[in-house]
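Participant: Okay, handing you the structure first.
Values in this text are rule-based calculations from the coordinates and carry no lab data. Note that the structure is predicted; figures quoted are calculated from it, not measured. Glycine also receives a Cβ, built like all others from the backbone with ideal geometry; neighbour counts cover every protein chain displayed.
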Amino acid sequence: MSSDENKNFEPLVVLQFSSKTPLETKEWVIKRLTANHNEDQGAGLLARYETSPESGDNMIVIGAKLSRLLIGAEELRIKKRYKNKGLTEFLISDIDHFENSENPENFLLQSEKQRIIWEELQTLHPMSNEHSVPGVPTKMISPKNDTLLDILHSLNFIANLFPLHDKDDIKLMEHDWFKSIRAMFAPQDIHQIRNYFGENVAFYFAFLEYYTWALVPTAILGFLINFWPVSDFFKYSLLCLFNVIWWTVFMELWKNYTNRLASQWGTLDEEMFERPRSLYYGEPQLSPITKKEEPYYPLWKHRLKKYFISYPLMMICLIISLTIYFNYCRIQNRTDAKYPFDGSLTFIQVKAMRMFPSIGYSLLIGQVNLNYRRLATFLTDNENHRLQTSYENNLTAKLFIFFFVNCFAGLFYQAFFMANYGNVTQLLTSMLIVNVVILKFTEQIGPYISKRFKKKQLAESVPTDAHLSNSVKQLKTLLPFQGTYGDYLTIFEQYGYVALFSAVFPWITICAVINNFYELRADAFKYCYVYRRPFAQPAWNIGSWHSAFDILSSIAIVTNTALIAMQPSVRHYFSSYNDVEYILIFVAAEHVLLAIKLAIDFAIPDVPAEVEIERVKNLYESNQALRSQRSNKTLQAQKSITSKH
């Protein structure tokens, strides 16, 4: 590889070493990255130092030649559009039959190029004759078991690793996505988002938009029903019935829509061919599926960590959460007793004083939620899951259980045990207000102000005649991407308030709609201009979050029915029935609503008919191709036998 070729290339990924990394280690990393893919067991990539007054020689940028990227696309089974056919797994030998093959430099999306480099970095091992790290002779390594990234992470030699944003691509998206007034109400170009960020991020934005528009009918009905001069029983019952039907239809239509998107993006059957996680570790063994060496971790060790470390710590966290809540209850009761509505103070003054404990509690549980997220991530990492889907399912389950208890248990206690609907409304209002204000500042306003400040500092610290590369600017001014989990948790918490309590407090849905129309575009701005670009990850849906939202919908049927039954005005409406008959009426109503939900689940297909036809068609074509290949081999064998005789 010529030195000019290794210097003049398009940077796609940035790797920043920590300041304590020895020069020999850096040179070793560059050598492994640029070594020949076949002969020297290297990555076959391009790499160079990005030297500047700000980064010194601690940062390298990584790219790749087109030929290497095409090999990577074939290895990752990336699907591209075949001429007059549809999405097909890419093959270099058949490249001429793929669309846009006449323009090879733009044949692969930039996000696909970065994903190929990321996958190569995760699977890059030392050479078979290397048993210690250059520059750190005391660090012994196993060429078979250790990857380059694992070694560098264990030594704390990696400060940052991220793909670069492309300013031109962002400029093409930003006007129609979040910069114009029209963008506030216009549908997103979800395919453009997918092309830039990958399926994982695209599904988040698709879900947020779908969910926001689904809130609108509920908000309108909730607004109108407040001014409808009918009995409370009729109001609550109508809203409850509508919510059950509407949110069930929403979840089923969303599932249908995700399968259509996954089919269009070629990830519908991705789960069947899921590769082990790069962070999965264990002793190398021959895989019975791929017939290649893969790490193997004993199941008993995995279960030991799960049942004797993760679950006990989760129980302790739940106990702490409930302890915090009951302490808040005591403080709230004392405050209510100290500031009664007896005329000594104005209504606004009394209400403000009574709100202080709720606001304080809302601030506290926000911090508790944040710390628990970190703990849940640590515990799930420690469990060492082989597949990404298993990892995400277990992490989501931990977050679902804790967030459900931490965010909703207090509201349930006030509603069902204390029957204090004033406190329910007060706590719900304070939690919503605090969440909106805190999240807007911590996720959007604060990081953006920090970015502007860093940008100004960077400009002042560099001589006016010095040139700052795009890589250095993004490293110094953008925040590390934290994944979509925090964003999904925000929607989950809001959906819980809407689904569980909107039947008796309809205004919450109106607040959610207003917030989400802003949130959708604020998140778009955040992903483009505040956070570093994430590596594109293939996805076929929103994963285990769909199950979390679906479970919440089922719980909402029970809670909404119970809340309606506990309303004094509703009990008065059924005053001719005794308590046992009254309870049985609402238990029967709850079962009817659950039956309606199951019927809707069954009636709406998960996979659209056209997608199912396309899937079967692809399977049939694959079988025909395999049969044709076998027939050719048999024919050649017969000819060989005939020629010998």
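Participant: Looking only at Cα atoms, what is the convex hull volume of region 210-268 per residue, in Å³?
Facilitator: 58
Participant: Convert each backbone phi in region 263-269 into a coupling constant with the Karplus relation 6.51 cos²θ - 1.76 cosθ + 1.60 (shift: θ = phi - 60°), then list the ³J(HN,Hα) values in order as whole Hz, x for Gly and Pro.
Facilitator: Along region 263-269, the couplings run 5, 5, 9, x, 10, 4, 9 Hz.
Participant: Exposed loop sites here are chymotrypsin sites (Phe, Trp or Tyr not before Pro) in DSSP loop states with at most 10 other C-beta atoms within 10 Å. What is the longest stretch of the chain lacking them?
Facilitator: Result, exposed sites excluded: 228-645.
Participant: How would L375, L221 line up from fewest to most surrounding beta-carbon atoms within 10 angstrom?
Facilitator: So the residues, fewest neighbours to most, are L375, L221.
Participant: Before anything else, pin down the relative contact order of the chain: Cα pairs under 8 Å, at least 6 apart, normalised by residue count, whole percent.
Facilitator: Numbers: 696 pairs, mean separation 123.2, N = 645.
Taking the mean separation of contacting Cα pairs over the length of the chain, I get 19 percent.
Participant: To continue, here is another question. Give me the log10 of I(q) over I(0) for region 95-153 at q = 0.20 Å⁻¹, as the Debye formula computes it from C-alpha points; what are the numbers?
Facilitator: -0.75
Participant: On each of the three principal axes of the Cα atoms of region 116-195, give max minus min coordinate, whole Å, ordered largest first.
Facilitator: Cα extents, longest axis first: 60, 21, 19 Å.
Participant: Please report, in cubic angstrom per residue, the volume enclosed by the convex hull of the alpha-carbon atoms of region 246-386.
Facilitator: 190
Participant: Sort V216, V616, V611 so the one with the fewest other Cβ atoms within 10 Å of its own Cβ comes first.
Facilitator: Starting with the residue having the fewest Cβ neighbours, the order is V616, V216, V611.
Participant: Given axes a ≥ b ≥ c from the Cα gyration tensor, I'd like to know whether region 10-164 is rounded (a/c under 1.5), prolate (a/b larger than b/c) or oblate. Don't jump to the answer; show the numbers that get you there.
Facilitator: Numbers: a/c = 2.81, a/b = 1.84, b/c = 1.53.
In terms of gyration-tensor shape, prolate.
Participant: What is the magnitude of the charge dipole of region 10-164 about its Cα centre, with +1 placed on the Cβ of each Lys and Arg, -1 on the Cβ of each Asp and Glu, and no other charges, expressed in debye to the nearest 20?
Facilitator: For this selection, approximately 260 debye.
Participant: Relative to the longest principal axis of the chain, what angle (0 to 90°, nearest 10) does the C-alpha long axis of helix 388-412 take?
Facilitator: 20
Participant: Turning to a different aspect of this structure: Taking Cα atoms, how many degrees apart are the long axis of helix 199-226 and the longest axis of the chain, rounded to 10 and kept between 0 and 90?
Facilitator: Approximately 10 degrees, to the nearest ten.
Participant: Return the long-range amide H neighbours of A536 (sequence gap of 5 or more, or a different chain), with a cut-off of under 5 Å between placed amide H atoms.
Facilitator: Here R115 satisfy the definition.
Participant: From the helices alone, meaning DSSP H stretches of at least four residues, give me the mean residue ellipticity at 222 nm for the chain, per-run term -39500 (n - 2.57), in deg cm²/dmol to the nearest 500.
Facilitator: Values: 22 runs with 391 residues, N = 645.
Value at 222 nm, helices only, nearest 500: -20500 deg cm²/dmol.
Participant: What does the charge count near S154 come to, summing +1 for each Lys or Arg and -1 for each Asp or Glu among other residues with Cβ under 15 Å from its Cβ?
Facilitator: -1
Participant: Sticking with this one: Report the one residue of N129, A73, G44 whose Cα lies farthest in the direction of the positive end of the charge dipole of region 10-164 (charges on C-beta: Lys and Arg +1, Asp and Glu -1; origin at the Cα centre).
Facilitator: Highest projection toward the positive end goes to A73.
Participant: Could you size up the charge dipole of region 182-607 around its Cα centre, putting +1 on the beta carbon of Lys and Arg and -1 on that of Asp and Glu, and report it in debye to the nearest 20? If you can, show how the numbers build up before the last one.
Facilitator: Details: 36 positive and 30 negative charges, 291 e Å.
Computed about the Cα centre, the dipole is about 1400 debye.
Participant: Of L489, V424, Y210, which is farthest on the positive side of the dipole of the chain, counting Cα position, with +1 on Lys and Arg Cβ, -1 on Asp and Glu Cβ, and the Cα centre as origin?
Facilitator: Among L489, V424, Y210, the one farthest towards the positive end of the dipole of the chain is V424.
Participant: Then there is this: When the gyration tensor of region 466-590 is built from Cα positions, what are the square roots of 5 times its three eigenvalues, in whole Å, from largest to smallest?
Facilitator: 48, 16, 8
Participant: Radius of gyration and Dmax for the chain's Cα atoms, expressed in Å?
Facilitator: 28.8, 114
Participant: Here's a follow-up. To make sure I understand, if each residue's beta carbon is the centre and we count other beta carbons within 10 Å, what order do D550, D487, D189 fall in, fewest to most? Intermediate results must be reported in sequence, preceding the final value.
Facilitator: Working: D550 18, D487 21, D189 13.
Fewest-to-most ranking of D550, D487, D189: D189, D550, D487.
Participant: Okay, next question. Under 29 Å Cα-Cα from K455, which lysines qualify once same-chain neighbours fewer than 8 residues away are excluded?
Facilitator: Result set, ordered by chain and number: K7, K20, K26, K113, K167, K171, K179, K440, K473, K476, K526.
Participant: Would you list which lysines come within 20 Å of K398, measuring only between C-alpha atoms, while excluding same-chain residues fewer than 8 positions from it?
Facilitator: Once the sequence-local lysines are set aside, what remains near K398 is K301, K305, K306.
Participant: For the pair T138/Q457, report the inter-label distance in nm, with labels modelled 7 Å from Cα in the Cβ direction.
Facilitator: Reported label-point gap for T138 and Q457 is 3.3 nm.
Participant: Here's a follow-up. Under the rule that an exposed site lies in a DSSP loop and has at most 11 other Cβ atoms within 10 Å, name the longest stretch of the chain with no trypsin sites (Lys or Arg not before Pro) of that kind, not counting the sites themselves.
Facilitator: 293-645
Participant: Hey, another quick one. Any idea which of F90, I319, I583 is furthest toward the positive side of the dipole for the chain, if Lys and Arg beta-carbons carry +1 and Asp and Glu beta-carbons -1?
Facilitator: My answer, from the dipole projection, is I319.
Participant: State the antiparallel share, in %, of DSSP beta bridges confined to the chain, rounding to the nearest 5.
Facilitator: Restricted to the chain, the bridges split so that about 95 percent are antiparallel.
Participant: How many nm is it between the label spots at N100 and Y448, if each spot is 7 Å from the Cα in line with the beta carbon?
Facilitator: Between N100 and Y448, the label points sit 3.1 nm apart.
Participant: Could you calculate the contour length gain from E10 to Y577, that is, 0.36 nm times the residue separation minus the distance between their Cα atoms, to one decimal place in nm? Before the final figure, lay out each step's value.
Facilitator: Working: separation 567, 0.36 × 567 = 204.12 nm, distance 7.72 nm.
Using 0.36 nm per residue and subtracting the Cα-Cα distance, I get 196.4 nm.
Participant: For helix 421-440, what angle does its Cα long axis make with the longest principal axis of the chain, in degrees from 0 to 90 and rounded to 10?
Facilitator: So the helix axis and the longest Cα principal axis differ by about 30 degrees.
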